[in-house]
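The values are calculated or read from the model by the stated rules, or taken from the named source; none is laboratory data. Fair warning: this is a prediction, and the values are worked out from it, not measured in the lab. No Cβ is skipped: glycine too gets one built from the backbone with ideal geometry, and neighbour counts run over all protein chains shown.
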Amino acid sequence: MTARLIKFLPWLAVGLLALFPLVGSTFYMQLLTKVLIMAIFAMSLDLLVGYTGLVSFGHAAYFGLAGYALALMAPKYETVSLWWSFPASIAVCALFALITGMLVLRTRGIYFIMVTLAFAQMLFFIFHDTKIGGGSDGIYIYAKPTMKLGEMELVNLEKLENFYWLALLSMAATYLLLHRVLGSSFGRALQGIKVNEHRMRALGFPVFRYQLASFTLSGALAGIAGYLAAVQYGFVNPEILSWHQSGAVLMMVILGGMGSLYGAVIGSFAFILLQEALSNQAWFGAWAKHWQLAMGILIMLVALYLPQGLAGLMQRFGRKPVTEAADE
Amino acid sequence: MDFAFFLIQLLNGLQYGLLLFLVASGLTLVFGIMGIINLAHGSFYMVGAYLAWSLSSMTGSLTAAILLAVPLTVILGMGLERLLFRHLYQRDHLYQVLLTYGLILVFEELRSIIWGDDVHGVAVPALLNASIPLTENLSYPVYRLAISGVCLLLAAALYFLIQKTRLGMMIRAGASNRDMVQSLGIDIKLIYTLVFALGVALAAFAGMINAPLSSVTPNMGSQVLIICFVVVVIGGIGSVKGAMAASLMIGLAETFGQVLVPEVAGMIVYVLMAIVLVWRPEGLFGRT
C-alpha cells in the first residue's frame with residue numbers, strides 16, 4: 001500500500017504544482033518557474049554524471065546555446081511561433097552535442113572534465129568576442145513566443161500562467177522520458193558502462209555509440225531548459241553559458257543526490273531557494289552582496305561531508321530513501 | 001609584416017607562452033602526481049597579482065612585494081593542502097571538481113571583500129623600465145625580456161629539481177606508485193604538501209610578475225585557468241615537458257592569431273585542442 005502511495009507521490013506533486021497559479025503570487029510563480037527550468041537542466045546533467053559516469057563541467061554550453069538559438073531565430077519585434085522555434089532550438093543543441101561528443105568522448109576522467117569545460121568556454125568566447133550574438137551585451141528577446149492553431153492563440157508565453165504550465169509540462173515530460181530511457185535496455189547498458197566500461201565492451205556493447213547517444217540526449221534536454229530560461233529572462237548574454245552555470249548545475253545534481261531523477265529535482269529546489277535566501281538583503285544586510293562566499297563554503301562542505309547529497313543525509317537519519325522503498 | 005614587427009610578435013608570443021608555462025606546470029604536476037583536478041589553480045594566479053599590487057603600493061617596490069608575497073603563497077599552498085586537498089586524493093574526480101569550484105567562489109568573494117572590485121595597475125620596476133629600439137618607431141620593452149628570462153630560469157630549475165635531485169626522484173616515484181614509496185619509508189604526505197605548495201607558488205609568482213603588463217582585475221584567474229587546461233590537454237597530463245611545448249605553442253598561436261586574424265583569435269587555441277584530441281587523445285607527451 002505504502003509502495004503504491006509513493007509511486008503516486010510525484011503525480012500528486014505535479015498536480016499540486018499545476019494548481020499553484022490559482023493561489024501563488026507573481027514573485028513565487030516566477031521563482032517556481034525558475035526552479036522547474038533548473039530541474040530540467042539538472043536532470044539532463046544527471047543522465048551524464050549519475051547514470052553514464054561522465055563528469056561534464058561544460059553543460060552550460062548546451063543550455064546557453066538553446067537560448068542563443070531562440071534569440072537569433074526570432075524576428076526582432078514580433079513574436080516567434082513556439083511550434084517550430086522550440087524544437088529547432090533543441091535540435092541545434094542536439095547537433096552541437098553530437099559533434100562535441102565525438103571529440104570529448106575520446107577522453108576519460110580528468111581529461112573529460114577539462115575538455116568539456118574548454119569546449120564550453122570556446123562557445124562562450126565565440127558569443128563574447130564576435131558580433132554574432134551581440135557580444136558581451138547579448139540580445140534582447142522583446143516578444144515572447146506564442147503558439148497558434150489557425151487564428152486561435154493556444155499559448156502565449158507573455159502570460160505568466162501559460163509559461164509556468166509550459167515549464168511544468170516540460171519538466172514532467174523530461175522526467176517521464178528519462179525514466180523510460182533509463183528503464184530500457186539502453187539505459188541499463190549505460191549504467192553498466194558507468195560501473196565497468198571494459199566489461200561492457202567485452203560483452204559486445206558499442207560503448208562509444210551508447211555514450212554518444214547519452215551525451216546527445218543530455219545536450220538536447222539541456223536545450224529545453226535553456227530555451228525556457230531565455231524566454232523567462234527576456235534576454236541572452238554570454239553569462240548563461242559561463243562555467244559558473246556549469247558549476248551551479250553540477251552542484252544541484254550532487255546536492256540532491258546523483259543517480260536519482262528525484263534527487264536532481266530536489267537539488268535544484270534546494271539550490272535555488274538557498275541562493276534566494278543567501279542573497280536576501282533583508283536577512284543578511286551587507287553580507288547579501290557576498291552571498292557567493294557562503295555558497296562556496298557550503299559547496300565545499302557538501303563535497304567533503306555529504307557526497308551522497310540530501311538523499312544520503314536522509315538515509316543517515318534512518319529513513320529509507322524513496323527509490324528503495326518503491327522497489328519493495 | 002616586416003621583420004622588426006615579426007620579431008616583436010615572436011618575442012611577445014614566447015613571453016606569453018613562458019608565463020603560461022609557470023601556471024600550467026603547477027597544474028600538470030598536481031594532476032600527474034596526486035591525481036587531483038584543481039579548478040582553483042587560476043585563483044592562485046589572481047591572488048599573486050593582487051598581492052603584488054597591494055604590497056607594492058605599500059612598500060613602493062615590486063621586487064620587495066614579490067619577496068614578501070612568495071613565502072605567503074607557499075604558506076597558503078601548504079595550508080590548503082593540509083586542510084582541504086588531502087581529503088580528496090582517494091575520492092572521485094567529481095568531488096574534486098565540486099570542492100575546488102567552491103574554493104573559487106570563496107577566493108573571488110574574499111578578494112572582493114579585502115581588495116574590492118576595481119581594476120588596478122602595477123608600475124614596472126624602475127630598473128627595468130626601458131625599451132630597446134628596433135627601428136625608428138618600434139621598440140621592445142626590457143621588462144618583457146626580463147620576464148621571459150626569469151621564466152626560463154625557473155623552468156630550468158624545475159627540470160633540475162625533478163630530474164636530478166633526490167627530492168625529484170621521490171616525487172617521480174610517488175607519481176607512479178604511492179603505496180610503494182610509502183612502504184620504502186618516504187613521507188609521501190610531506191612530498192604531496194611540498195609539490196602542491198610549489199604549484200601554488202609558481203602560479204602566484206606568474207600573477208605577480210605579469211601584474212605590470214596586464215591590469216589586475218577580478219576574475220582574471222578563470223581566463224588563465226581555462227587556457228592552462230588547454231595547455232595540459234595538449235601537452236599530456238603530468239608531463240612538464242609537454243606543458244612547456246604546449247605553452248609555447250599556445251602563446252605563439254594566440255599572439256600571432258590576434259595580429260593576423262583578430263576576429264577568430266579567441267577560438268584558435270580550442271581548434272588546436274580539438275586537432276590534438278582527434279590525433280592524440282592522450283596529449284603530445286602523454287602516457288597512454
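Table: residues versus (1) surrounded by fewer than 13 Cβ atoms within 10 Å (Cβ to Cβ); (2) more than 19 Å from B:GLY207 (Cβ to Cβ); (3) within 14 Å of chain A (Cβ to nearest Cβ); (4) in contact with a helix residue (DSSP H, G or I) (Cβ under 9 Å, 6 or more places away or on another chain).
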{"position": "B:TYR101", "(1), (2), (3), (4)": "no, yes, yes, yes"}
{"position": "B:VAL106", "(1), (2), (3), (4)": "no, no, yes, yes"}
{"position": "B:ARG111", "(1), (2), (3), (4)": "no, no, yes, yes"}
{"position": "B:PRO125", "(1), (2), (3), (4)": "no, no, no, yes"}
{"position": "B:ILE132", "(1), (2), (3), (4)": "yes, yes, no, yes"}
{"position": "B:LEU138", "(1), (2), (3), (4)": "no, yes, no, yes"}
{"position": "B:VAL142", "(1), (2), (3), (4)": "no, yes, no, yes"}
{"position": "B:SER148", "(1), (2), (3), (4)": "no, no, no, yes"}
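Conditions: (1) loosely packed, with under 15 Cβ neighbours inside 10 Å; (2) more than 12 Å from chain B (Cβ to nearest Cβ); (3) at pLDDT below 90. A:TYR305 meets all but one. Number of the miss?
Going through (1) loosely packed, with under 15 Cβ neighbours inside 10 Å; (2) more than 12 Å from chain B (Cβ to nearest Cβ); (3) at pLDDT below 90 one by one, A:TYR305 breaks only (2).
Which ones in the range A:207-257 are buried (at least 21 other Cβ atoms within 10 Å of the Cβ) and on the phi > 0 side of the Ramachandran plot?
A:GLY257
Go over the candidates B:ILE226, B:ILE209, B:ILE250 one by one and state the one that is facing chain A (nearest Cβ under 10 Å) and either within 30 Å of B:SER176 (Cβ to Cβ) or of a type outside the set (S, T, N, Q) (or both). Steps first, please.
Numbers: B:ILE209 fails: facing chain A (nearest Cβ under 10 Å); B:ILE250 fails: facing chain A (nearest Cβ under 10 Å).
Going through B:ILE226, B:ILE209, B:ILE250 in turn, the sole match is B:ILE226.
For the range B:73-89, which positions are within 12 Å of chain A (Cβ to nearest Cβ) and either farther than 21 Å from B:TYR50 by Cα or among the β-branched types (Val, Ile, Thr) (or both)? Outline the logic, then answer.
Keep residues of the range B:73-89 that are within 12 Å of chain A (Cβ to nearest Cβ), which gives B:80, B:83-88.
Hits for the range B:73-89 are B:LEU83, B:LEU84, B:PHE85, B:ARG86, B:HIS87, B:LEU88.
For the range B:118-134, check the following and say yes or no: at least one residue is modelled with pLDDT of 90 or more and of a type in the set (Gly, Ala, Ser).
No, the range B:118-134 contains no residue that is modelled with pLDDT of 90 or more and of a type in the set (Gly, Ala, Ser).
Is there a residue being hydrophobic (A, V, I, L, M, F, W, C) and under 17 Å from the mean Cα position of the chain (by Cα) anywhere in the range A:196-219? Outline the logic, then answer.
Just the residues of the range A:196-219 that are hydrophobic (A, V, I, L, M, F, W, C), to begin with: A:200, A:202-203, A:205, A:207-208, A:212-213, A:215, A:217.
Checking the rest, the ones that are also under 17 Å from the mean Cα position of the chain (by Cα) come to A:215, A:217.
Checked the range A:196-219: at least one residue is hydrophobic (A, V, I, L, M, F, W, C) and under 17 Å from the mean Cα position of the chain (by Cα).
Quick check: anything in the range A:41-48 at pLDDT 90 or above, over 30 Å from A:GLY309 (Cβ atoms) and under 20 Å from the mean Cα position of the chain (by Cα)?
Step one: of the range A:41-48, the residues at pLDDT 90 or above are A:41-48.
This time we only want the ones that are over 30 Å from A:GLY309 (Cβ atoms), so: none.
No, every residue in the range A:41-48 fails to be at pLDDT 90 or above, over 30 Å from A:GLY309 (Cβ atoms) and under 20 Å from the mean Cα position of the chain (by Cα).
Which one is nearest to A:GLY247 (Cα to Cα), of the residues in the range A:273-302 that are of a type in the set (Phe, Trp, Tyr) and modelled with pLDDT under 80?
Restricting attention to the range A:273-302, the residues satisfying the condition of being of a type in the set (Phe, Trp, Tyr) are A:283-284, A:287, A:291.
Among the residues that remain, those that are also modelled with pLDDT under 80 are: A:284, A:287.
Values: A:PHE284: 24, A:TRP287: 22 Å.
The qualifying residue nearest to A:GLY247 (Cα to Cα) is A:TRP287.
I'd like to check which helices (runs of 4 or more DSSP H) are fully inside the range A:142-250 and have at least 2 residues that are more than 24 Å from A:GLY50 (Cα to Cα).
Details: elements: A:160-183, A:185-195, A:197-202, A:207-233.
Qualifying helices (runs of 4 or more DSSP H): A:160-183, A:207-233.
Mind checking which residues of the range B:120-156 are touching a residue at least 40 places away in the same chain (Cβ under 8 Å), touching a strand residue (DSSP E or B) at 6+ places or on another chain (Cβ under 7 Å) and among the aliphatic types (A, V, I, L, M)?
Answer for the range B:120-156, where residues must be touching a residue at least 40 places away in the same chain (Cβ under 8 Å), touching a strand residue (DSSP E or B) at 6+ places or on another chain (Cβ under 7 Å) and among the aliphatic types (A, V, I, L, M): B:VAL122, B:LEU134.
Considering only the range B:3-20, state which residues are touching a residue at least 24 places away in the same chain (Cβ under 8 Å) and within 16 Å of B:PRO133 (Cβ to Cβ). It would help to see each step written out before you state the result.
Our first condition is that a residue be touching a residue at least 24 places away in the same chain (Cβ under 8 Å); within the range B:3-20, this holds for B:4-5, B:7-20.
Answer for the range B:3-20, where residues must be touching a residue at least 24 places away in the same chain (Cβ under 8 Å) and within 16 Å of B:PRO133 (Cβ to Cβ): B:ALA4, B:PHE5, B:LEU7, B:ILE8, B:LEU11.
So for the range B:158-173 (the condition being touching a residue at least 60 places away in the same chain (Cβ under 8 Å) and either touching a Lys or Arg at 6+ places or on another chain (Cβ under 9 Å) or exposed (fewer than 14 other Cβ atoms within 10 Å of the Cβ) (or both)), does at least one residue qualify?
Quick first cut of the range B:158-173, residues touching a residue at least 60 places away in the same chain (Cβ under 8 Å) only: B:158-159, B:162, B:171.
With the extra rule that they be either touching a Lys or Arg at 6+ places or on another chain (Cβ under 9 Å) or exposed (fewer than 14 other Cβ atoms within 10 Å of the Cβ) (or both), the set shrinks to B:159, B:162.
Yes: one or more hits.
When you look at A:VAL92, is it crowded, with 22+ Cβ neighbours inside 10 Å, closer than 25 Å to B:LEU27 by Cα and in contact (Cβ under 8 Å) with a residue 24 or more places away in the chain, yes or no? It would help to see each step written out before you state the result.
Details: crowded, with 22+ Cβ neighbours inside 10 Å: yes; closer than 25 Å to B:LEU27 by Cα: no; in contact (Cβ under 8 Å) with a residue 24 or more places away in the chain: yes.
Against the criterion (crowded, with 22+ Cβ neighbours inside 10 Å, closer than 25 Å to B:LEU27 by Cα and in contact (Cβ under 8 Å) with a residue 24 or more places away in the chain), A:VAL92 does not qualify.
Considering only the range A:274-293, how many residues are closer than 16 Å to A:MET252 by Cβ and either touching an Asp or Glu at 6+ places or on another chain (Cβ under 8 Å) or without any contact (Cβ under 8 Å) to a residue 24 or more places away in the chain (or both)?
If we filter the range A:274-293 for residues that are closer than 16 Å to A:MET252 by Cβ, which is where we start, we get A:274-278, A:292.
Subset that is either touching an Asp or Glu at 6+ places or on another chain (Cβ under 8 Å) or without any contact (Cβ under 8 Å) to a residue 24 or more places away in the chain (or both): A:275, A:277-278, A:292.
Selection size over the range A:274-293: 4.
From A:ILE266, A:ILE254, A:ILE299, which residue is in contact (Cβ under 8 Å) with a residue 24 or more places away in the chain, under 26 Å from A:LEU190 (Cα atoms), among the β-branched types (Val, Ile, Thr) and within 11 Å of chain B (Cβ to nearest Cβ)? Lay out the reasoning, then the answer.
Numbers: A:ILE266 fails: within 11 Å of chain B (Cβ to nearest Cβ); A:ILE299 fails: under 26 Å from A:LEU190 (Cα atoms).
Within the list A:ILE266, A:ILE254, A:ILE299, the selection yields A:ILE254.
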